[in-house]
């Protein structure tokens with residue numbers, strides 16, 4: 001009888017430990033899936049925002065003498081910046097941050113050009129570089145998002 005109690009107790013302990021291990025494993029898997037979904041969503045919204053910025057810069061570069069400001073945006077990037085910094089490879093996260101730092105510089109070049117009645121050659125060159133860097137980053141983010149089987153970090 002004592003042996004039956006001991007065997008029953010051992011089975012209960014093993015079942016409890018096994019169940020706890022399984023629940024921990026399952027929660028880890030769910031967290032990993034959530035992180036992957038969050039990263040993919042962040043990549044998508046930032047790629048869309050970069051697409052808009054590139055389009056606006058194209059419009060401005062086609063009419064450098066125009067006195068119209070364009071609405072460059074970085075708000076989506078700022079909202080997901082921490083997720084991207086945690087999940088993207090360091091060099092890619094750095095390059096993305098650099099591309100977004102050009103938004104402020106581009107806005108300043110555009111305002112200076114509006115005050116003078118047109119963009120200077122140097123401002124056109126700077127805006128072209130900003131546009132090209134943003135387009136490159138957008139393409140890299142889309143490529144990364146389309147390759148979900150690869151580890152991002």
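The values are calculated or read from the model by the stated rules, or taken from the named source; none is laboratory data. The structure presented is a predicted model; accordingly, all values stated were derived computationally and were not measured. Cβ: placed from backbone, ideal geometry, glycine included. Neighbour counts: every protein chain shown.
Is it the case that segment 98-117 has a residue that's touching a residue at least 60 places away in the same chain (Cβ under 8 Å) and part of a helix (DSSP H, G or I)?
no
Which of the numbered conditions does residue 130 fail, given that it passes all the others? Conditions: (1) surrounded by fewer than 20 Cβ atoms within 10 Å (Cβ to Cβ); (2) assigned to a helix (DSSP H, G or I).
(1)
So which of 35, 67 is modelled with pLDDT under 95 and in a helix (DSSP H, G or I)?
Unique residue meeting the criteria: 35.
From 98, 44, 72, 88, which residue is closer than 13 Å to residue 137 by Cβ, modelled with pLDDT of 75 or more and surrounded by 15 or more Cβ atoms within 10 Å (Cβ to Cβ)? Show your work before the answer.
Numbers: 98 fails: surrounded by 15 or more Cβ atoms within 10 Å (Cβ to Cβ); 44 fails: closer than 13 Å to residue 137 by Cβ; 72 fails: closer than 13 Å to residue 137 by Cβ.
Answer to the check: 88.
Any chance segment 85-93 includes a residue that's farther than 19 Å from residue 38 by Cα and assigned to a helix (DSSP H, G or I)?
Narrowing segment 85-93 to residues farther than 19 Å from residue 38 by Cα: 91.
From what's left, assigned to a helix (DSSP H, G or I): 91.
Yes - at least one qualifying residue is present in segment 85-93.
Would you mind stating whether residue 83 is modelled with pLDDT of 90 or more and surrounded by fewer than 19 Cβ atoms within 10 Å (Cβ to Cβ)?
Judged against the criteria, residue 83 is a match.
Answer with yes or no whether residue 31 is under 14 Å from residue 133 (Cα atoms) and free of Cβ contacts under 8 Å to residues at least 40 places away in the same chain.
Numbers: under 14 Å from residue 133 (Cα atoms): no; free of Cβ contacts under 8 Å to residues at least 40 places away in the same chain: yes.
So residue 31 fails the test.
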